[in-house]
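The values are calculated or read from the model by the stated rules, or taken from the named source; none is laboratory data. This one's a predicted model, so the numbers in the text were calculated from it and none came from an experiment. Don't worry about glycine lacking a Cβ; one is built from the backbone with ideal geometry, like all the others, and counts go over all protein chains shown.
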Ligand SMILES: [Zn+2]
Ligand SMILES: [Zn+2]
């Protein structure tokens, strides 16, 4: 085994400059920054579990790639990517408002303005706001209209434990235009600065007194 300094840049086989022809052929992509292995096929476009024979199992189970085309893939990964890949559920997340990752799905989603909650389910959003910010009151649309933003989200994984981050649109703008929704006035502070949401400050108290 040759000496290898761990790196998080395995987009190409170690010691090579060109894209990995095996990964290119199988429509896989090794992300150089976050060290995840992404399946680029249109019906996936998410990172896959890279351990053991799981990559070949994914190609067979999800895409019916015949054995002849998958043969030697675990050995290829072992031999050329000795630092391995992160599991999608454990990989670090890109910062908020990143440019969309070109090989991942982008979802229409929602971002709570009161905390760091992100979801692609409006039902989950209303449940979260009701429980966390409205003392259990029903989260009607008029009541929650000023408590969330329409955003674009991406995630490494496709499973139930997926974690999201916000991404910009193609023009680099944050936020997602939705018919009938009034564009938000001052932009929210950076997400990291919004963790002070549990102060118990109700939104109606912030309105000027008449
Ligand atoms: Zn796939
Ligand atoms: Zn919240």
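Residues of segment 46-62 being surrounded by 19 or more Cβ atoms within 10 Å (Cβ to Cβ) and either more than 8 Å from ligand 1 (Cβ to nearest atom) or closer than 19 Å to residue 94 by Cα (or both), which ones?
Correct list: 46, 47, 48, 50, 55, 56.
Of all residues in segment 122-174, count the ones that are in a loop (DSSP other than H, G, I, E, B), within 14 Å of ligand 2 (Cβ to nearest atom) and out of contact with any helix residue (DSSP H, G or I) (no Cβ under 9 Å at 6 or more places or on another chain).
Looking only at that region, the number is 1.
Residue 104 - would you say it is crowded, with 17+ Cβ neighbours inside 10 Å, under 24 Å from residue 159 (Cβ atoms) and within 16 Å of ligand 1 (Cβ to nearest atom)?
Against the criterion (crowded, with 17+ Cβ neighbours inside 10 Å, under 24 Å from residue 159 (Cβ atoms) and within 16 Å of ligand 1 (Cβ to nearest atom)), residue 104 qualifies.
Taking segment 147-170 as the search range and keeping residues that are at pLDDT 85 or above and farther than 20 Å from residue 128 by Cα, which one is surrounded by the fewest Cβ atoms within 10 Å (Cβ to Cβ)?
The residue in question is 169.
Of 89, 119, which residue is in contact with a helix residue (DSSP H, G or I) (Cβ under 7 Å, 6 or more places away or on another chain) and either farther than 16 Å from residue 28 by Cβ or without any contact (Cβ under 8 Å) to a residue 40 or more places away in the chain (or both)?
Exactly one residue qualifies, and that residue is 119.
Mind counting the residues in segment 56-82 that are under 15 Å from residue 40 (Cα atoms), touching a helix residue (DSSP H, G or I) at 6+ places or on another chain (Cβ under 6 Å) and not in a loop (DSSP other than H, G, I, E, B)?
Residues flagged as under 15 Å from residue 40 (Cα atoms), touching a helix residue (DSSP H, G or I) at 6+ places or on another chain (Cβ under 6 Å) and not in a loop (DSSP other than H, G, I, E, B) within segment 56-82 amount to 2.
Find the residue count for segment 84-97, including only residues that are surrounded by 14 or more Cβ atoms within 10 Å (Cβ to Cβ) and under 15 Å from residue 32 (Cβ atoms).
5
Looking at this structure, is residue 93 away from ligand 2 (no atom under 15 Å from the Cβ) and assigned to a loop (DSSP other than H, G, I, E, B)?
yes
Somewhere in segment 183-196, is a residue in a loop (DSSP other than H, G, I, E, B), modelled with pLDDT under 90 and under 24 Å from residue 31 (Cα atoms)?
no
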